[in-house]
1. State whether the residues of region 122-131 include one that is closer than 22 Å to residue 294 by Cα and either under 14 Å from the mean Cα position of the chain (by Cα) or surrounded by fewer than 16 Cβ atoms within 10 Å (Cβ to Cβ) (or both).
2. Return yes when residue 321 is modelled with pLDDT of 95 or more, surrounded by fewer than 17 Cβ atoms within 10 Å (Cβ to Cβ) and outside the structural domain of residue 283 (by TED's automatic domain parsing) and no when it is not.
3. Which condition number does residue 423 fail, the rest of (1) outside any helix (DSSP H, G or I); (2) over 26 Å from residue 99 (Cβ atoms); (3) open to solvent by 30 Å² or more (accessible area, probe 1.4 Å); (4) of a type in the set (A, V, I, L, M, F, W, C) being met?
4. Given (1) open to solvent by 40 Å² or more (accessible area, probe 1.4 Å); (2) within 16 Å of the ligand (Cβ to nearest atom), identify the lone condition not met by residue 388.
5. Run residue 381 past the list (1) touching an Asp or Glu at 6+ places or on another chain (Cβ under 8 Å); (2) away from the ligand (no atom under 16 Å from the Cβ); (3) polar (S, T, N, Q) and report the number of the one that doesn't hold.
6. What do you reckon, is residue 273 of a type outside the set (A, V, I, L, M) and in contact with a strand residue (DSSP E or B) (Cβ under 8 Å, 6 or more places away or on another chain)?
7. Hey, residue 140 hits all of (1) surrounded by fewer than 17 Cβ atoms within 10 Å (Cβ to Cβ); (2) more than 23 Å from the chain's Cα centre (by Cα); (3) modelled with pLDDT of 95 or more but one; which does it fall short on?
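The values are calculated or read from the model by the stated rules, or taken from the named source; none is laboratory data. It should be emphasised that the depicted structure is a prediction, and the values quoted were computed from it without experimental measurement. Cβ coordinates were reconstructed from backbone atoms using ideal geometry, including for glycine residues, and neighbour counts include every protein chain displayed. Each accessible area value is taken on the protein alone, full model and side chains, heavy atoms only, with ligands, DNA and RNA left out. Shrake-Rupley method; radii C 1.70, N 1.55, O 1.52, S 1.80 Å.
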Amino acid sequence: MNRALALAAALLFCAAAGAEPRFSFDSTPGKLPKDVVPKHYALRIVPSATLERFEGRTQIEVEVARPVAAIELNAVELDFHSARLYSGAEPTVLAAKFDRERETVTLAPAAGPIAPGRYRLDIDYTGRIAKHPNGLHQILYKQREGGQLVERIMLATQMEPVHARRLFPGWDEPVFRASFEITAVIDEPLTAVSNMPVSAVTVLPGGKKEVTFERSVPMPTYLVALFVGELEVLEDSVEGIALRVYTVRGKTERARYAMQATKQILPFFNEYFGVRYALPKLDQVAVPGGSFGAMENWGAISYNEARLLYDEAEPSLRQQQQVYGIIAHEVAHQWFGNLVTMAWWDNLWLNEGFASWMATKTTQRFYPDWKVGLRSVLWRQEAMSEDARRTAHPVQTPVASDARAMDVFDAITYSKGAALIGMLESYHGEEVFR
Ligand SMILES: [Zn+2]
């Protein structure tokens, strides 16, 4: 048998032995029933003056497929003031029952089941602005002003994997994709950044303004983003896509390298995938302090600023390589993960393996002398050592509940996933694999 035939036979055997069944919405794992499906969210978020709490209003267009006694959706640490279901002009008031362990709320009408059809679900509530990067949270940092260091607060979101439910009640599992229209009411001098471009700014009394963003493409909840702060911006564009890098005050000069890298990477992906970047803009936000790396929020990627900013006055090849690599990874996610999303966390490697593999591929293409392929051997070894432990798991691995989703963000998912994809690509050849 020749190699191709052997591979075909092996693949056939694998398919027969245990291939994953084709995607089916109804059998995708998750806690939430699949008979009520969100189509569109309109969110209005009003942070309090102390930035410790927020008022929220979420209006969700839902489709009810079968008669249901109640609607179950995710919500954590949200205090509901009212929940109403509209099909015509007259709303049905729903009673809310929270289940802390499941991180859900069940909304039921006083009488009778909810008939199949299309509804709007309106919920008024308040929530907490966290001190840790879960949902909407505070970022404390120091800013030099008139020779003094003063404390400043920026608001940021981190939703992946299961924290969107702390900002708004919703279907916080990746298989439920819906469009979003986000509004934030903030202090007049501040800047708000979200997934989509700003569509309207209305000045309100009391030094406030209401910022509304355009309606998004359908996406999972874990990609929703909102940043509010005293931000400065570096602007550019490439192939008709507006590019911005936001930093806290006085740091935009250090964003120039990130901008230059993005202008190289984005056109390469437009060409490689043959599917253009889906949004009119790509913002990247440098978040001060914090311990996280980066998050691929669609159209509003966030980075630990130490991973994104690069001081050209103090050149460091290692730093430059890291900045380039992380941007390539996060921008690759705009396709692998955002445009096409795993249905459930068991296939997280399709997000992270592909984004990691693509970052190496991109870096090798534009900076061959960095020999990043050699470094990826190191990453593979890290995955191998994790693979040697008792906690090792298959690349594609069952995730029993969303509470366990964080467990799969490890070197096996990222680096072994990337190595596996690289192996397949080497076997088939770059063009065939593409
Ligand atoms: Zn990633």
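1. Of all residues in region 122-131, those closer than 22 Å to residue 294 by Cα come to 129-131.
If we keep only those that are either under 14 Å from the mean Cα position of the chain (by Cα) or surrounded by fewer than 16 Cβ atoms within 10 Å (Cβ to Cβ) (or both) as well, we get 131.
Scanning region 122-131 turns up at least one residue that is closer than 22 Å to residue 294 by Cα and either under 14 Å from the mean Cα position of the chain (by Cα) or surrounded by fewer than 16 Cβ atoms within 10 Å (Cβ to Cβ) (or both).
2. Answer is no for this residue.
3. Every condition holds for residue 423 apart from (1).
4. (2)
5. Residue 381 satisfies every listed condition except (1).
6. Working: of a type outside the set (A, V, I, L, M): yes; in contact with a strand residue (DSSP E or B) (Cβ under 8 Å, 6 or more places away or on another chain): no.
No, not satisfied.
7. Result: residue 140 fails condition (2) only.
Condition check ((1) surrounded by fewer than 24 Cβ atoms within 10 Å (Cβ to Cβ); (2) under 15 Å from the mean Cα position of the chain (by Cα); (3) more than 12 Å from the ligand (Cβ to nearest atom)) across all residues:
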residue	(1), (2), (3)
330	no, yes, no
337	no, yes, no
341	yes, yes, yes
345	no, yes, yes
348	no, yes, no
354	yes, no, no
357	no, no, no
364	yes, no, yes
369	yes, no, yes
